[in-house]
Amino acid sequence: MNGRYEVGDVGQTLALAKAFAAELKPGDVVCLEGDLGSGKTTFTQGVAAALGAKRPVTSPTFCLVVEHPTERFLLVHMDLYRLHDEDDVLSIGWEDYLSRGAVLFVEWPDRAGDLVPASARHVRFSHGESEDSRVVEFSP
Ligand SMILES: Nc1ncnc2c1ncn2[C@@H]1O[C@H](COP(=O)(O)OP(=O)(O)OP(=O)(O)O)[C@@H](O)[C@H]1O
Ligand SMILES: [Mg+2]
């Protein structure tokens, strides 16, 4: 997926996530960028659901990392908000997950610094004009 999408409600965000999920392959790193409440976790919930993951993705307030086994690969949702630097990110298993071919969905990826591979996909979220509207932009 490519380009810019305006979504009007949560259901449209989940539908967009489903289309994105169809493109994923083992080893993909997806950086989710955007403000608090812009929809990064909601989008990840949609991806997990589309892949048939059994466990719901909670907003990981207490969990930095949530693993979602799927039939195609291990989907790993990370929220790095409370981490500070690359050493912190390494300590939660970043390299292990990548070496196992997991797909990483990463909120607040700036904490991971140079650990983010150049091949990572970037998805940028922002608030739209109404309360439930969001803008989602996919890097090429
Ligand atoms: N179109 C929409 N897409 C996504 N979320 C929406 C939309 N409209 C309303 N919302 C609401 O906005 C909130 C988005 O929260 P979410 O946890 O997904 O954001 P986040 O970007 O992960 O924030 P944080 O940086 O705090 O983790 C949810 O409460 C959701 O119900
Ligand atoms: Mg979140």
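What follows is calculated from the coordinates using simple rules that are stated; it is not laboratory data. Remember, it's a predicted structure, so these values are computed and weren't measured experimentally. Here the Cβ positions follow ideal geometry from the backbone for every residue, glycine too, while neighbour counts run over all protein chains shown.
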Discussion item. Nearest 10 degrees is fine. How inclined is helix 40-50 to the longest principal axis of the chain, computing both from alpha carbons?
Written reply: 90
Worksheet item: Relative to a virtual label point 7 Å from the Cα of GLU67 in the Cα→beta-carbon direction, which members of region 83-100 show backbone nitrogen distances below 18 Å?
Response: 89-100
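Loop only per DSSP, at most 12 neighbouring Cβ atoms within 10 Å: give me the GluC sites (Glu not before Pro) in region 1-97, ordered by residue number. It would help to have the intermediate numbers written out before the result.
On the way: sites: GLU6, GLU23, GLU33, GLU67, GLU71, GLU86, GLU95; in loops: GLU23, GLU71.
Sites meeting the loop and neighbour criteria: GLU23, GLU71.
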Discussion item. Could you derive backbone 3J(HN,Hα) for region 121-129 from the dihedral phi with the Karplus parameters 6.51, -1.76 and 1.60 (θ = phi - 60°), listing whole Hz in sequence and x where the residue is Gly or Pro?
Written reply: 7, 10, 10, 10, 10, 8, 6, x, 7
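Where does the chain land at 222 nm, in deg cm²/dmol rounded to the nearest 500, when only DSSP H runs of n ≥ 4 count, each adding -39500 (n - 2.57), divided by all residues?
On the way: 4 runs with 35 residues, N = 140.
Calculated mean residue ellipticity at 222 nm is -7000 deg cm²/dmol.
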Response to the item:
Rounded to the angstrom and largest first, Cα extents along the principal axes for the chain equal 39, 32, 30
Discussion item. Which residue fluctuates most in the GNM of the chain (Cα springs below 10 Å): LEU104, LEU115, LEU14?
Written reply: LEU115
Worksheet entry | Proximal aspartates and glutamates relative to LYS40, as straight alpha-carbon distance under 19 Å, when same-chain residues fewer than 8 apart are discounted | GLU6, ASP9, GLU23, ASP28, GLU67, ASP79, GLU107, ASP110, GLU129, GLU131, ASP132, GLU137
